[in-house]
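Enquirer: Encoded as structure tokens, here's the structure I'll be asking about.
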Amino acid sequence: MAQQVRGVIAPGKNEPVRVETIVVPDPGPGEAVVKVQTCGVCHTDLHYKQGGINDDFPFLLGHEAAGVVESVGEGVTEVAPGDFVILNWRAVCGSCRACLRGRPWYCFNTHNARQKMTLTDGTELSPALGIGAFAEKTLVAAGQCTKVDPDVSPAVAGLLGCGVMAGIGAAINTGQVGRGDSVAVIGCGGVGDAAVVGARLAGAARIIAVDIDDRKLETARAMGATHTVNSRSTDPVEAIRELTGGFGADVVIEAVGRPETYQQAFYARDLAGTVVLVGVPTPEMKLELPLLDVFGRGGSLKSSWYGDCLPSRDFPMLVDLHQQGRIDLSAFVTETIGLGDVEKAFARMHEGDVLRSVVVF
């Protein structure tokens, strides 16, 4: 029997979000209903609200979540009622050309629940990243549920569902940072700071954090950055080169998603170094680089989708590292809030006052 719960929707482009009654159907084949315990307020949700993703309004926002499986549909074997899970937005199919080549993190056929959640008048909702977890319960594909140690704090675990995984994965999976490497991270919000954590975890010898906000640079240093550069007052390319013997960093992670910061990343890397784009650009942005410079510098220019993660592999591993005290995921939780505080949390995010506001149910 369908259930009615409270959820946060974005009714139209740049309109304030509001709490509405959401109808959640019983899970069909391959689906699961999850009782959400926590959900982080991610910048991607703000992009949805602003119409920067698409115009399929109204959106049911929220995707960076953890909770408990309440019920499952026919044929579901990956999870069972009572399992504590992190929700992920790349449920791999196992049979596309990427999966068959052993690269499931590039799965070309990731899937979501087939049924739609709705408003009480029958208006279909578009769940953010196929999840829609600013709601007391949500309907997802069972493959979007990743079991982890239930002893971990839900507020911490849920952040692996997007931003923290994106940043750590950009360093470890995409950038393949190695022991003794020099790493620069441009943009020190939640994703950038997670990249700092990932670089430290991988054994980087020098981690240079770049931002225009001294508050964010202080946080990045607390997360493991060995050096900081305020690019509002200092040329970041020259500063990074100076801090790396004049050569540039082995890996530069761009966590802003703007052409000008990408150019900084490109020129701040060492010859044959790696640039990783994990910041999300908007559709109208264009990049212009001299092709001869692309040819002459060699190395790799990569984009990082979700930190090139495989949730079934990476989520439990990172939770274990947190439980062992080897990484402090709780440092990303700036505040916990209620469901009705999401609009205020967007404002605080825009002002750079938080790493993550986390809705607790």
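The values are calculated or read from the model by the stated rules, or taken from the named source; none is laboratory data. Bear in mind that the values here come from a model prediction, so they are computed numbers and not experimental data. Virtual Cβ from ideal backbone geometry, glycine too; neighbours counted across all protein chains shown. To get the accessible areas, we keep the full protein, side chains included, count just its heavy atoms, and leave off ligands, DNA and RNA. Shrake-Rupley method; radii C 1.70, N 1.55, O 1.52, S 1.80 Å.
Enquirer: Of these, L301, L292, which one is more than 14 Å from G163 (Cα to Cα), hydrophobic (A, V, I, L, M, F, W, C), open to solvent by 60 Å² or more (accessible area, probe 1.4 Å) and assigned to a strand (DSSP E or B)? Show your work before the answer.
Expert: Details: L292 fails: assigned to a strand (DSSP E or B).
Unique residue meeting the criteria: L301.
Enquirer: I'm checking my understanding of the structure. Among residues of region 314-361 that are in a loop (DSSP other than H, G, I, E, B) and over 28 Å from E15 (Cα atoms), which one is most open to solvent (accessible area, probe 1.4 Å)?
Expert: R326
Enquirer: Filtering region 66-91 down to residues that are within 17 Å of L310 (Cα to Cα) and not hydrophobic (A, V, I, L, M, F, W, C), which residue is modelled with the highest pLDDT?
Expert: The qualifying residue modelled with the highest pLDDT is N88.
Enquirer: Which numbered condition trips up D151, out of (1) of a type in the set (D, E, K, R); (2) more than 20 Å from L321 (Cβ to Cβ); (3) surrounded by fewer than 24 Cβ atoms within 10 Å (Cβ to Cβ)?
Expert: The one condition D151 does not meet is (2).
Enquirer: Among the residues of region 266-280, are any of a type outside the set (A, V, I, L, M, F, W, C), open to solvent by 20 Å² or more (accessible area, probe 1.4 Å), within 29 Å of A331 (Cβ to Cβ) and without any contact (Cβ under 8 Å) to a residue 60 or more places away in the chain?
Expert: no
Enquirer: Let me ask something additional. Taking the condition of being within 20 Å of C42 (Cβ to Cβ), open to solvent by 10 Å² or more (accessible area, probe 1.4 Å) and not in a strand (DSSP E or B), how many residues in region 188-225 meet it? Before you say what the answer is, go through the steps one by one.
Expert: Restricting attention to region 188-225, the residues satisfying the condition of being within 20 Å of C42 (Cβ to Cβ) are 188-198, 211, 213, 215-216, 219-220, 223.
Within this subset, residues satisfying the condition of being open to solvent by 10 Å² or more (accessible area, probe 1.4 Å) are 189-191, 211, 213, 215-216, 219, 223.
Checking which are not in a strand (DSSP E or B) leaves us with 189-191, 213, 215-216, 219, 223.
Looking only at that region, the number is 8.
Enquirer: Can you tell me which of (1) part of a loop (DSSP other than H, G, I, E, B); (2) closer than 25 Å to G307 by Cβ is the one P29 doesn't meet?
Expert: For P29, the exception is condition (2).
Enquirer: Here's a follow-up. Scan region 302-331 and report the pairs whose first residue is of a type in the set (K, R) and whose second residue is surrounded by fewer than 17 Cβ atoms within 10 Å (Cβ to Cβ), with Cβ atoms within less than 9 Å and a gap of 6+ or a chain change.
Expert: Correct list of pairs: R326/D320.
Enquirer: Please pick out the residue among T244, T274, T228, T261 that is more than 28 Å from M317 (Cβ to Cβ), touching a strand residue (DSSP E or B) at 6+ places or on another chain (Cβ under 9 Å) and in a strand (DSSP E or B). Even if it seems obvious, please write down each step before you answer.
Expert: Values: T244 fails: in a strand (DSSP E or B); T274 fails: more than 28 Å from M317 (Cβ to Cβ); T261 fails: in a strand (DSSP E or B).
Only one candidate passes the filter, namely T228.
Enquirer: Let me confirm something: among L46, L61, which residue is among the aliphatic types (A, V, I, L, M) and either crowded, with 21+ Cβ neighbours inside 10 Å or touching a Cys at 6+ places or on another chain (Cβ under 9 Å) (or both)? Full working, then the answer.
Expert: Details: L46 fails: either crowded, with 21+ Cβ neighbours inside 10 Å or touching a Cys at 6+ places or on another chain (Cβ under 9 Å) (or both).
None of the other options fit; the residue is L61.
Enquirer: Can we say E260 is over 21 Å from V164 (Cα atoms), modelled with pLDDT of 95 or more and surrounded by fewer than 19 Cβ atoms within 10 Å (Cβ to Cβ)? Please lay out each step first, then the result.
Expert: On the way: over 21 Å from V164 (Cα atoms): yes; modelled with pLDDT of 95 or more: yes; surrounded by fewer than 19 Cβ atoms within 10 Å (Cβ to Cβ): yes.
Here the answer is yes, as E260 does meet what is asked.
Enquirer: Just for region 95-108: of the residues that are small (G, A, S) and within 16 Å of C309 (Cβ to Cβ), which one is surrounded by the fewest Cβ atoms within 10 Å (Cβ to Cβ)?
Expert: Within region 95-108, the first condition is being small (G, A, S), and the residues that meet it are 95, 98, 102.
Subset that is within 16 Å of C309 (Cβ to Cβ): 98, 102.
Numbers: A98: 17, G102: 6.
The qualifying residue surrounded by the fewest Cβ atoms within 10 Å (Cβ to Cβ) is G102.
Enquirer: For the list (1) touching a strand residue (DSSP E or B) at 6+ places or on another chain (Cβ under 8 Å); (2) in contact (Cβ under 8 Å) with a residue 60 or more places away in the chain; (3) under 18 Å from Q264 (Cβ atoms), I need the number of the one condition that T174 fails.
Expert: Exception for T174: condition (3).
Enquirer: Still on this structure: Of (1) in contact with a Ser or Thr (Cβ under 9 Å, 6 or more places away or on another chain); (2) open to solvent by less than 40 Å² (accessible area, probe 1.4 Å); (3) closer than 20 Å to L301 by Cα, V185 satisfies all except one. Which?
Expert: (1)
Enquirer: In region 18-35, how many are surrounded by fewer than 23 Cβ atoms within 10 Å (Cβ to Cβ), in contact with a strand residue (DSSP E or B) (Cβ under 6 Å, 6 or more places away or on another chain), farther than 15 Å from S71 by Cα and not polar (S, T, N, Q)?
Expert: Total satisfying the criteria: 3.
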